[in-house]
Each structure stands twice: as structure tokens, then as C-alpha cells.
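To start, the structure under review is shown below, and the notes come after it.
Only the coordinates and a few stated rules stand behind these numbers; no lab work does. What you are looking at is a predicted structure, and each value in this text was computed from that prediction instead of being measured. Using ideal geometry, Cβ is built from the backbone for each residue, glycine included, and neighbour counts are taken over all protein chains shown.
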Amino acid sequence: MTDGIPLWHRLAPLVREALLGYQRAVSERNELGALASMHNKYERLALFRLRASMKEFLGELPAELEHLFEEVRRPDPDLAPWVFIPTRPSLLAKEETVRVFAVAPGGKLVARVTLFTRSAGSETWEADAMDLVGRRTFVAELAGPQISSPLLDYYVEAEFVGPRARVRSTAPAEAPGRFHPQSVDYCVRRKVDLNTSAEGGLA
């Protein structure tokens, strides 16, 4: 098993390189299932489980291996900050509340993520701060409007802190000029929790 330590030293940077290249390609097409599968097969197996097996056998791992473990899991410094909503509800029933998730990858620190909503036809947006629930994953509740409006408009804005300036990104990218319309059915009563998130492990 001691022979595995120098092998892991060579393997770990290659896993990071492969995942970052794949992540850049699929993220632009929102193929989140494929990205999650790659992280499960490569990052978890090579970086987590193999390291855990060596630690179980040796009792304690060398300090340089633990340092490399942290280094290969750092965010991609070359990835431009952006935000996206991985899963959106198709229909919101009367008095229904769902959780909407937003993922904000990139090399900069995330200062805040905000969910903006309004009833269709309104000119006023209501802002609600989204809560951090995981690695660069944020959540807020989306509720049907109090008035009988068949549509609810919403979008997400993320603010990133850089060394020189703050950067903002929205989902959709053209918001608030373009937004996500949400259908509301006032003839249906139900309670649904859209508990789905997506995280890029190295984003």
C-alpha cells in the first residue's frame, strides 16, 4: 500500500485536469447529469475513496499527500463567475411553495445570491436573499402570487467579490430583460418540495 502514495501523487493532478476540462465543456450545455456522473466516478473514486483506503491501511497519511488533496480540490481560478438554476418547477399550484436552487461556480468569492420575483404584468421586482446550503449552492422558496395571476416571473442574481471589483451574474444571463416565467394553476391545491441541487465539485 505504501507504493500507492507516489502513484496517488501522480494521479491526483491528472484527475483534476481531466475534470476541469470536462466541466468547462458540459457546463455550457447544462448537461448536469453527465457532469455529476463524472464527479462520482473520477473525483470520488480517485481522490476520496483511494485516499481513504490508504489511510485505513497506513493509519496516518503523509502531510504532503494531505496538502495535495486540498490543492487538487480548489476552485478553478480561470473559470469566470456565473450562476445558473439547475432545476425549475413546471407548474405551481395555488398556495404551493417550492424550493429553487441556484449554483454559483467560479474562482471568485460569492458575496450574495438573490431571487427576484414578480407577478406577471407587474413592473416591481421583490428581492429575497437565498441561503447557502452547500458548496456554492443556494436556495430560496418560490411561492405562488397572492393575486390570481396565471404567471409568476423570476430570475436569480449572484454577486461575486474579486480583488479589484464586484462582478454580477444573472440566470438567465439577460435578466431582468429576460426571465423565467412560472405557470400558476389556481384550480389545483398541492404541496411539493423541489429538492434538487447540482454542484460542480471543482467549480
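If region 44-129 were replaced by its equivalent ellipsoid, with semi-axes equal to the square roots of 5 times the Cα gyration tensor eigenvalues, what would those be, largest first, whole Å?
Working: eigenvalues 360, 62, 19 Å².
Three semi-axes, in Å: 42, 18, 10.
Counting every other Cβ atom within 10 Å of each residue's Cβ, 119, 169, 37 order from fewest to most as 37, 119, 169. Between residue 112 and residue 168, residue separation times 0.36 nm minus the direct Cα-Cα distance comes to 19.2 nm.
Just to confirm the filter: which GluC sites (Glu not before Pro) across region 114-144 are DSSP coil and have at most 16 other Cβ within 10 angstrom of their Cβ? Could the numbers behind the result be given before it?
Details: sites: 123, 126, 141; in loops: 123.
Listed in order of number, the matching sites are 123.
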